[in-house]
1. Once phi is turned into θ = phi - 60°, what whole-Hz ³J(HN,Hα) does the Karplus curve with 6.51, -1.76 and 1.60 give for every residue of the stretch 50-55, x standing for Gly and Pro?
2. In square nanometres, what is one fourth of the surface area of the convex hull spanned by the alpha carbons of the stretch 14-171?
3. Which loop trypsin sites (Lys or Arg not before Pro) in the stretch 29-64, with loop taken from DSSP, have no more than 16 other Cβ atoms within 10 angstrom of their Cβ?
4. Run through the stretch 81-133 and list the trypsin sites (Lys or Arg not before Pro) located in a DSSP loop whose Cβ has at most 15 other Cβ atoms within 10 Å.
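Nothing in this text is a laboratory measurement; each read-out follows from the coordinates by a stated rule. Treat the numbers as computed from the prediction; the structure is a model and nothing was measured. Because the Cβ atoms are built from the backbone with ideal geometry, glycine has one as well, and the counts that use them run over all protein chains shown.
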Amino acid sequence: MLWLFFFLVTAIHAEFCQPDAENAFKVRLSIRTALGDKAYAWDTNEEYLFKAMVAFSMRKVLKREKTDISHVLLCNVTQRVSFWFVVIDPVNNHTLPADEIQSAIRMNRNRINNAFSLNDQTLEFLKIPSTLAPPTDPSVPIWIIIFGVVFCIVIVAITLLILSGIRQRRRKNKGPSEVDDTEDKCENTITIENGIPCDPLDTKGWHINDTFMTEDERLTPL
């Protein structure tokens, strides 16, 4: 009689788990795509693990602490690893509402993915939106990046200041040399009179050279 009881219970539960049934969800796994040569075969052991993870997720929902593995039903399992599942309410002998199942799966999505070494793209709950992946820590700490940027800015500023100072020094050194060259040119300007080189004007003292003065100019007082 006991086996007949279990047979009747299984037959009744089978009516709940059907494609597109009320509160039913479809799952699709891409094990080969995710793991390549390390892919594992989907068998009854993997099905048991999936039921356990769903029951684990449901037990974290308020008033669903009594959910057991036997309350999770799988059906229409294909070789390409896709199937449907429902969760039975042990009290009312009916499927649990879809919103409760969806909330429980989303809350524990990462735990379920890790159990099968998959992610949201390779373990798909078709009616349950994917959760956002947890933020990953950058390989380089942020403070090092900020320090590097500030350090580069300081180096560039110091380089510009040094170059600016060098240019100003060159301009200052170049100015007096040009004045000296002009004075040298004026000093070197001489006049040849009767074969004698003479300076018509003493540019430094601003005196007239006596060679070019007439007799009257010499005798005439200033």
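1. 5, 4, 5, 5, 5, 4
2. The directionally averaged projection comes out at 15.4 nm².
3. R59, K60, K63
4. Answer by residue number: K127.
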